[in-house]
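**Q** One structure, pasted below without further comment.
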Amino acid sequence: MQPKLPIQCPSCENALSVTQLSCENCATIVSGNYSLPLLLQISEEEQNFILQFFMTSGSLKEMASQMGNSYPTVRNKLDDIIQKISSLKQNQNR
């Protein structure tokens, strides 16, 4: 099992940023202070929901059937994720 990329500080729970990237082939190292991509800033559960949405071609009806939930429950979950991503995007642009 591959380790998961942490997105929050284990001490204060603030968002982590990427400060170093390296090439395994030539050992080049790039340093700086970069924010995580937007979709990595949401929970694994939210990422899985988006993946399932994609895999069902955006059919909330199909997702509701697969998840054993009602359409309004799935729609509300999608709306919550949209709101969270919009907020993160707004904060990134500041």
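**Q** Is one or more of the residues making up region 75-89 aliphatic (A, V, I, L, M) and under 18 Å from P6 (Cβ atoms)?
**A** yes
**Q** Pick from I42, I29, I82: which is hydrophobic (A, V, I, L, M, F, W, C) and in contact with a strand residue (DSSP E or B) (Cβ under 6 Å, 6 or more places away or on another chain)?
**A** Every option except I29 fails the conditions.
**Q** Another question, if that's okay. Would you please name the residue that is nearest to K89 (Cα to Cα), looking only at residues in region 1-42 that are in contact with a helix residue (DSSP H, G or I) (Cβ under 9 Å, 6 or more places away or on another chain) and surrounded by 11 or more Cβ atoms within 10 Å (Cβ to Cβ)?
**A** Filtering first and then ranking leaves L38.
**Q** Further question on the same structure: Need the failing condition index for Q52 against (1) over 22 Å from L16 (Cβ atoms); (2) without any contact (Cβ under 8 Å) to a residue 12 or more places away in the chain, just the number.
**A** Result: Q52 passes all but (2).
Yes/no per residue for (1) on the phi > 0 side of the Ramachandran plot; (2) in contact with a Ser or Thr (Cβ under 7 Å, 6 or more places away or on another chain); (3) small (G, A, S):
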{"site": "S17", "(1), (2), (3)": "no, yes, yes"}
{"site": "E24", "(1), (2), (3)": "no, no, no"}
{"site": "S35", "(1), (2), (3)": "no, yes, yes"}
{"site": "L38", "(1), (2), (3)": "no, no, no"}
{"site": "E46", "(1), (2), (3)": "no, no, no"}
{"site": "M55", "(1), (2), (3)": "no, no, no"}
{"site": "S59", "(1), (2), (3)": "no, no, yes"}
{"site": "M67", "(1), (2), (3)": "no, no, no"}
{"site": "R75", "(1), (2), (3)": "no, no, no"}
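**Q** Okay, moving on. How do the pairs read when you match residues in region 67-92 that are within 19 Å of E44 (Cβ to Cβ) with residues anywhere that are in a helix (DSSP H, G or I) and acidic (D, E), using Cβ under 6 Å and keeping only pairs 6 or more apart or on different chains?
**A** Close Cβ pairs (under 6 Å, with a partner that is in a helix (DSSP H, G or I) and acidic (D, E)) amount to I81/E46.
Coordinate-derived values only; no laboratory data. Predicted, not measured: the structure shown is a model, and the values here were computed from it. Methodologically, a virtual Cβ is constructed for each residue, glycine included, from the backbone with ideal geometry; neighbour enumeration extends over all protein chains shown.
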